[in-house]
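A short worksheet on the structure shown next.
The values are calculated or read from the model by the stated rules, or taken from the named source; none is laboratory data. The model shown is predicted, which means the values in this text are computed figures rather than measured ones. Ideal geometry is used to build each Cβ from the backbone, glycine not excepted, and the neighbour counts take in all protein chains shown. All accessible areas refer to the heavy atoms of the entire protein, side chains included, with ligands and DNA or RNA removed. Shrake-Rupley method; radii C 1.70, N 1.55, O 1.52, S 1.80 Å.
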Amino acid sequence: MKELSATKTFGGTQSVYSHQSEACGCEMRFAVFTPSKAKHGDGPFPALFWLSGLTCTEENFISKAGAQRMAAELGVVIIAPDTSPRGENVPDDPDGAYDFGLGAGFYVNAQQEPWSQNYNMYEYVARELPTIVKKSFPVDPERFGIFGHSMGGHGALTIHLKNPEIFKTCSAFSPIVAPSQVPWGIKALSNYLGPDEAAWAEYDASVLVSRIPSKAEILIDQGTADNFLVEQLKPEIFAAAAERAGQPHTLRMQEGYDHSYYFIASFIDDHIRWHSERL
Ligand SMILES: N[C@@H](CCC(=O)N[C@@H](CSC=O)C(=O)NCC(=O)O)C(=O)O
């Protein structure tokens, strides 16, 4: 693992690392915020894994969300990986579209060629990265949580529901909650997984919550002025499935907010505090 940058902020350190990923078969980057030793000691700290959305790298969250102040205050580590494999030999959307391929790994393990060599973001986030983080940073593995935005909200919900013993808390901003039913999800799942919709269900939060609800409360924030709300996000599908399954959840419709990082920055403190109180 190689440290690419380390910058002091709010008494802690915002770093970016690269390493050779087994799951993705390429060099991957991830960002880590570590709180101040002077204020909180040497840890171990609770850790939140943040999953970003379409077009993002590890950089969007650390430069736009403004999460470091609250993480520093509460003594929380935040890990923010890139959203897809990268590199010369990694295939991309044939038309260069933003919603598939590079920057759009959808947190699945691809089963179709040519994607399956590298596009294993589920394995990367749910298995490889937590193992690396446990070994290399002052974290308490009994206090891991996961959160994310849009495609990353879909990743957070599905990875929590499939691994509630690892990621004990879960929240999301403007998540894609039913990828099997919306254009972004149908494009990604049909290409990465093939035409069999039974395979898609493994990565559909609204299906998973019916099958394997967790005991944890799930928090979702959704802006009412989000231009993707009606076509791509549809949080009401998850809320109805969660209600039927007895999954504790809170869906907050936030008046006038859109899909951007301005929305995330407005509520990120709430989310970090919410996780911290539960971990
Ligand atoms: N470029 C696209 C929209 C892309 C977009 O809005 N990406 C969001 C995540 S969307 C769901 O996963 C994002 O986080 N962008 C990065 C940022 O820093 O804002 C278009 O033009 O429609």
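Set the Förster distance to 41 Å, then compute FRET efficiency between Ser210 and Asp93 from the Cβ-Cβ distance, nearest 0.05. Efficiency, from the Cβ-Cβ distance: 0.85.
Full extension of the chain segment joining Arg69 with Asp196 gains 41.3 nm, where the gain is 0.36 nm per residue of separation less the Cα-Cα distance.
Using a 1.4 angstrom probe with every protein chain in place, what is the largest-first accessible-area order of Arg211, Arg278?
On the way: Arg211 140, Arg278 105 Å².
Largest to smallest exposure gives the sequence Arg211, Arg278.
Computed about the Cα centre, the dipole magnitude for the chain is approximately 960 debye when only Lys and Arg (+1) and Asp and Glu (-1) carry charge, each at its Cβ. Stretching Ala265 away from Ala38 to a fully extended chain increases their span by 79.1 nm, per 0.36 nm per residue minus the current alpha-carbon distance. Think of the chain as a dipole: +1 on every Lys or Arg Cβ, -1 on every Asp or Glu Cβ, centred on the Cα centre; then among Leu74, His19, Ala245, Leu74 lies furthest on the positive end.
Note on Arg127 and Gln181: the model spin-label points, each 7 Å out from Cα along the C-beta direction, lie 3.1 nm apart. Taking the charge dipole of the chain about its Cα centre, with +1 at Lys and Arg Cβ atoms and -1 at Asp and Glu Cβ atoms, the residue from Gly194, Pro183, Ser63 reaching farthest to the positive side is Ser63.
In order along region 194-203, phi translates into HN-Hα couplings of x, x, 6, 5, 5, 6, 5, 4, 4, 10 Hz, rounded to whole numbers, per the Karplus curve 6.51 cos²θ - 1.76 cosθ + 1.60 with θ = phi - 60° and x for Gly and Pro.
Estimate the FRET efficiency between Met1 and Glu243 by the formula 1/(1 + (r/R0)^6), using the beta-carbon distance for r and 30 Å for R0, to the nearest 0.05.
Details: r = 43 Å, r/R0 = 1.43.
Working from the Cβ atoms, E equals 0.10.
For the chain, modelled as a GNM whose springs connect Cα atoms under 10 angstrom apart, the maximal fluctuation among Asp95, Asp226, Asp42 occurs at Asp95. The sum of -39500 (n - 2.57) across all DSSP H runs of n ≥ 4, divided by the residue count of the chain, sets its helix-only mean residue ellipticity at 222 nm to -9000 deg cm²/dmol.
Taken one residue at a time, the phi angles of region 23-34 give Karplus couplings (6.51, -1.76, 1.60, θ = phi - 60°) of 5, 9, x, 7, 6, 10, 10, 8, 9, 9, 9, 10 Hz. Gly and Pro are set to x.
Considering all C-alpha pairs of the chain, those separated by over 29 Å amount to 26%. Taking the DSSP beta bridges with both ends in the chain, the antiparallel portion is around 50 percent.
Answer rounded, prolate or oblate for region 149-279, using the Cα gyration tensor with square roots of eigenvalues a ≥ b ≥ c: rounded when a/c is under 1.5, else prolate when a/b is larger than b/c, else oblate. Provide the component values of the computation, followed by the final result.
Values: a/c = 1.77, a/b = 1.17, b/c = 1.52.
Oblate, since a/c reaches 1.5 and b/c is not below a/b.
Computed extension gain for Lys135 through Ser116, at 0.36 nm per residue and net of the alpha carbon distance, reaches 4.1 nm. If you take the Cα centroid of region 1-46 and the Cα centroid of region 196-262, the two points sit 29 Å apart. State the antiparallel share, in %, of DSSP beta bridges confined to region 48-173, rounding to the nearest 5. In region 48-173, approximately 15 percent of DSSP beta bridges are antiparallel ones. Pairs of Lys residues in the chain are counted when their Cα atoms are under 17 angstrom apart and they lie 8 or more places apart or on different chains; the count is 9. Close amide H pairs (under 5 Å, H built 1.01 Å from N) link Cys170 with Ile146, Leu219, residues at least 5 positions away or on another chain.
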